[in-house]
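The values are calculated or read from the model by the stated rules, or taken from the named source; none is laboratory data. Here the structure is a predicted model, which means the values were calculated and not measured. Quick reminder, even Gly has a Cβ in these numbers, built from the backbone with ideal geometry, and neighbours come from all protein chains shown.
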Amino acid sequence: MAEISSSTFAQLVEGRLIGAPDLSLSGVESLEEAGPAQISFLANKRYAGRVAPSRAGLILIHESHDLSGLEDKTLVLVKDPSAAFSKAVDLFAPAAPEFTPGIAPSAVLAADAKVATDAHIGANAVIGRGVVVGAGSVIGAGVVIGDFARVGSSCLIHPNVVIRERCTVGDRVIIHSCTVVGSDGFGFIPSAKGHTKIPQVGIVAIEDDVEIGANCALDRARFGRTVIGQGTKIDNLVQIAHNVRIGRHCFIVSQVGIAGSSRIGDFVTLAGQVGVAGHLEIGDGSTVMAQSGISADLPPKSVVLGSPAMPRKDFVRREFQISKIEKLEQELAEIKRLLSERN
Amino acid sequence: MAEISSSTFAQLVEGRLIGAPDLSLSGVESLEEAGPAQISFLANKRYAGRVAPSRAGLILIHESHDLSGLEDKTLVLVKDPSAAFSKAVDLFAPAAPEFTPGIAPSAVLAADAKVATDAHIGANAVIGRGVVVGAGSVIGAGVVIGDFARVGSSCLIHPNVVIRERCTVGDRVIIHSCTVVGSDGFGFIPSAKGHTKIPQVGIVAIEDDVEIGANCALDRARFGRTVIGQGTKIDNLVQIAHNVRIGRHCFIVSQVGIAGSSRIGDFVTLAGQVGVAGHLEIGDGSTVMAQSGISADLPPKSVVLGSPAMPRKDFVRREFQISKIEKLEQELAEIKRLLSERN
Amino acid sequence: MAEISSSTFAQLVEGRLIGAPDLSLSGVESLEEAGPAQISFLANKRYAGRVAPSRAGLILIHESHDLSGLEDKTLVLVKDPSAAFSKAVDLFAPAAPEFTPGIAPSAVLAADAKVATDAHIGANAVIGRGVVVGAGSVIGAGVVIGDFARVGSSCLIHPNVVIRERCTVGDRVIIHSCTVVGSDGFGFIPSAKGHTKIPQVGIVAIEDDVEIGANCALDRARFGRTVIGQGTKIDNLVQIAHNVRIGRHCFIVSQVGIAGSSRIGDFVTLAGQVGVAGHLEIGDGSTVMAQSGISADLPPKSVVLGSPAMPRKDFVRREFQISKIEKLEQELAEIKRLLSERN
């Protein structure tokens, strides 16, 4: 949409308009960046001080917000400013890139690859023998799919992704650029004469509704499958080692590394830069806070941090104990002084 | 192989069969995933409780294992269940992808590139001026090799790898997808007006029998060479800065970062997410545990952890000391009480 | 240059030659690696012990250096050995790869892409609809540029980079291989039934004179822009989340991760493997030491370390306090002994 009036927008988000009803609005921005033709919002009270100085044409704000000092603003009061702002974002969002069905002339397909007629195969993509690409899927430019791999329907595989041989990708999966699915697991028989590679003959199986960020590495299993469970979302630069099994609806944040054969339950959150050692189990619903190192199993609904990780309350207590050392030292000196005086 | 009988398989791994001799077996799986036509194994006693409930058709187990409660199972008793299982994995492993000798029609080669007649150059690969590719090497689809780089014989360069100009790769080297060999080192002359780039005119030299994971970044030297020593194995998402020298037969685990000009000895293990600062030396045979930060030289055979890292025994002792603070506090309170009573 | 005499070289770097004037020099190397035809240097006093045993033909050394024991060496005394050595490196540097103006026949360009006549579009690059590439820019082999993205003039985009739709790249920007500019931000509405993707319709805006390493991931904004400020240098494997704003002339070292909407000031250094949580502000001129975790705003000129990070002096003090626990324990035991003796 090119433009919307402030009153029409207020109706759209079912909010109460305070201020000018006939402003012409044509975009969205943050409170600090917005100009007179843009819609902005306050969702986090932390940023409340940014409302008054904002140049935004219209600001979405919670219906309980104290409006004193904002008399010169055009506001729309709503129950959920963040959700209402999302509607505004959608309203002005540029058209998503179009991927017309069909195979780019420069793509290289094996003769026996089976590509749905309404799928899109981008320029210079390379599709191996026996590969299957399902209905409505988009294979980006420069993507390489190895022999006998399968990509389901309605997937979006961004440019320069590599999916190695025999790996499987479910339906409605999104994989961002330069991610590698099915690289060899890191397995060797060590020896003083040099290390012997252990063949990695399994696959990676990505279930439905998974999203995987850019520049991730997902290693194929030694045998069997490395599994990314249904609905799990993985951020950028994440390492998934061989034979890892991740459950359903997890959040694996950027730069996490999970070592071989570990199992992550359902609805687990691993925050940024977390490391998980090999052969561990992390129970359903657990949260591991940023930069933590997991070296033992975690029961369900654990909330841990630290390297090595411990329950959050233990971590806080440990820091509090350390902060007391100086006082203990002073008290001890005082006692020594007292005792020596008494001698 | 499609199928093997339990008795034939027991002979193959030189084990003693207990149970049905004529089972038809057609694959391998973990104890929890295996079905009646699959072979599984118990190598780690930690998982002993998974044997009885397993639906596996045949289970490889150590010859000294207590078999009580496993009377209904078909077992093969062996000296090394893990090694025997590897034979089973090999038996049923799908054929590795075939790379026929020759140059894909869509590959783009400079006129003076020298490619061995039995090498394979994949679809849409780009090979620069003066590049040499040795006998039997496979250059995957979408790989880009810069001018005057050299790749030895029997190498496997996976799809979408980039090898920049003049870098050298030895024989029998494996490089996984989207790894970059020879990106510029991170070198600048800082200034209040902006930082000036220091030209990075050296190369990366990868010796024989090295394996490098997916999405790694190996920076070319400021001058001279960044070196990855013979037989060293590097996992995914590893950062190797300019002028680093890694010795022979090291294990560099996922997400490790090594800063500029540091030297890693032979047979060193850097576990996951370790960071090594610049201009350091890590002695032969050292082990750095996961997530550690190295900010000083390490003598040979060091075993360290922590950030900053310390010898493992010091780390354990330090944690033990911290755990005592609460008790010290209580004892001190008791003494203060005693002393005040006496007054 | 193929060769230079020691006396000519001394003149070139405005140094004082001690030793043979007519040595023929043809390259540069480190003190340990250099041979009789190579120039080396001592910049860091830490390596002073490497001068005497070096086989280098000529060594650049600080004019105040104690020369005793170096009587058999050919030396050039200078005010800044590192800068003088840089001149030597430049002298012998191999020619940089040449990129002839024009579009490779195998590149795939949308009909309405606007490429400057003196730009270079590499083999198998893919350039989307409405893309603009400025004067003198080099787009490497296998690069994919999405619809309506803009690349300025004199840029160097290395092979297999991906720049997604609508992102903007300023002038004189360098982006190393396999980096992804404009992947979707990691934004979902969580729910017990599965997480709903929040459209990420903003862009990444890279200002002039930025350099970005290999295998980085820079996420496009939820709306508006993720910004990399003018002159900022980013190392390899760095994660920049959606709506992050990085100021001017920062150094972001390898494997750093910056979470969503955080703002980094000007002239900030984030050392290797640092993590910055979301929605934070890091003041101008701050330095965050390696592996630190930032979970609160930092005022300008902060110098912090640790996870969670604290001012450097607090970190040092905290470690010192921990080291005292053992002594406190011993003193307490002594007091208890004394008190019990008195009873």
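Structure notes:
- Members of the stretch B:251-266 found to be assigned to a loop (DSSP other than H, G, I, E, B) and either more than 11 Å from chain A (Cβ to nearest Cβ) or buried (at least 24 other Cβ atoms within 10 Å of the Cβ) (or both), listed by number: B:Val253, B:Ser254, B:Gln255, B:Val256, B:Ala259, B:Gly260, B:Ser261, B:Ser262, B:Gly265
- Scan of the stretch C:26-67 for residues that are aliphatic (A, V, I, L, M) and out of contact with any Phe, Trp or Tyr (no Cβ under 9 Å at 6 or more places or on another chain), ordered by number: C:Ala34, C:Ala37, C:Leu42, C:Ala48, C:Val51, C:Ala52, C:Leu67
- Being within 12 Å of chain C (Cβ to nearest Cβ) and farther than 19 Å from A:Glu63 by Cβ is true of A:Glu33.
- Any hit, the stretch B:23-45, residues being at pLDDT 95 or above, surrounded by 12 or more Cβ atoms within 10 Å (Cβ to Cβ), within 24 Å of A:Cys167 (Cβ to Cβ) and among the β-branched types (Val, Ile, Thr): yes
- Taken together, the criteria place B:Pro101 among residues that are away from chain A (no Cβ under 14 Å), over 26 Å from the mean Cα position of the chain (by Cα) and more than 23 Å from A:Ile203 (Cα to Cα).
- Of all residues in the stretch C:1-29, those that are in a loop (DSSP other than H, G, I, E, B), within 14 Å of chain B (Cβ to nearest Cβ) and in contact with a helix residue (DSSP H, G or I) (Cβ under 8 Å, 6 or more places away or on another chain) total 2.
- Residues (more than 14 Å from chain B (Cβ to nearest Cβ) and either crowded, with 22+ Cβ neighbours inside 10 Å or under 24 Å from B:Ile127 (Cα atoms) (or both)) located in the stretch C:137-148: C:Ser137, C:Ile145, C:Gly146
- Condition met for A:Ala52 (within 14 Å of another protein chain (Cβ to nearest Cβ) and small (Gly, Ala, Ser)): no
For (1) within 19 Å of the chain's Cα centre (by Cα); (2) in the same structural domain as A:Cys250 (by TED's automatic domain parsing); (3) farther than 21 Å from C:Val276 by Cβ, each residue gets a yes or a no:
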position: A:Gln291; (1), (2), (3): yes, yes, no
position: A:Ala296; (1), (2), (3): no, yes, yes
position: A:Pro300; (1), (2), (3): no, yes, yes
position: A:Ile322; (1), (2), (3): no, no, yes
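- Restricting the stretch A:41-83 to residues that are in a strand (DSSP E or B) and free of Cβ contacts under 8 Å to residues at least 24 places away in the same chain, the residue that is nearest to A:Ala2 (Cα to Cα): A:Ile61
For (1) modelled with pLDDT of 95 or more; (2) closer than 14 Å to A:Gly213 by Cα, each residue gets a yes or a no:
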{"residue": "C:Asn215", "(1), (2)": "yes, yes"}
{"residue": "C:Asp219", "(1), (2)": "yes, yes"}
{"residue": "C:Phe223", "(1), (2)": "no, no"}
{"residue": "C:Ile228", "(1), (2)": "yes, no"}
{"residue": "C:Ala241", "(1), (2)": "yes, yes"}
{"residue": "C:Arg248", "(1), (2)": "yes, no"}
{"residue": "C:Gln255", "(1), (2)": "yes, no"}
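- Residue match in the stretch C:292-312 (condition: without any contact (Cβ under 8 Å) to a residue 12 or more places away in the chain, within 26 Å of A:Arg312 (Cβ to Cβ), in contact with a Ser or Thr (Cβ under 8 Å, 6 or more places away or on another chain) and part of a strand (DSSP E or B)): yes
- Unique match (being modelled with pLDDT of 95 or more and either farther than 23 Å from B:Gly293 by Cα or in a helix (DSSP H, G or I) (or both)) among A:Gly272, A:Gly285: A:Gly285
- Taking every residue in the stretch A:19-34 that is free of Cβ contacts under 8 Å to residues at least 40 places away in the same chain and pairing it with any residue that is part of a loop (DSSP other than H, G, I, E, B) and of a type in the set (Val, Ile, Thr), at least 6 positions away or on another chain, the pairs with Cβ-Cβ distances below 8 Å are A:Leu31/A:Val51.
- Boolean, B:Ala271 is in contact (Cβ under 8 Å) with a residue 12 or more places away in the chain, facing chain A (nearest Cβ under 10 Å), in contact with a strand residue (DSSP E or B) (Cβ under 8 Å, 6 or more places away or on another chain) and of a type in the set (A, V, I, L, M): yes
- Test: B:Glu326 is outside any loop (DSSP other than H, G, I, E, B), at pLDDT below 95 and at the interface with chain A (Cβ under 9 Å from one of its Cβ atoms): yes
- Restricting the stretch A:95-136 to residues that are modelled with pLDDT under 95 and small (Gly, Ala, Ser), the residue that is surrounded by the fewest Cβ atoms within 10 Å (Cβ to Cβ): A:Ala95
- The condition (being free of Cβ contacts under 8 Å to residues at least 60 places away in the same chain and either closer than 25 Å to A:Arg318 by Cβ or part of a strand (DSSP E or B) (or both)) is satisfied by just one residue among C:Arg248, C:Arg317, C:Arg337: C:Arg317.
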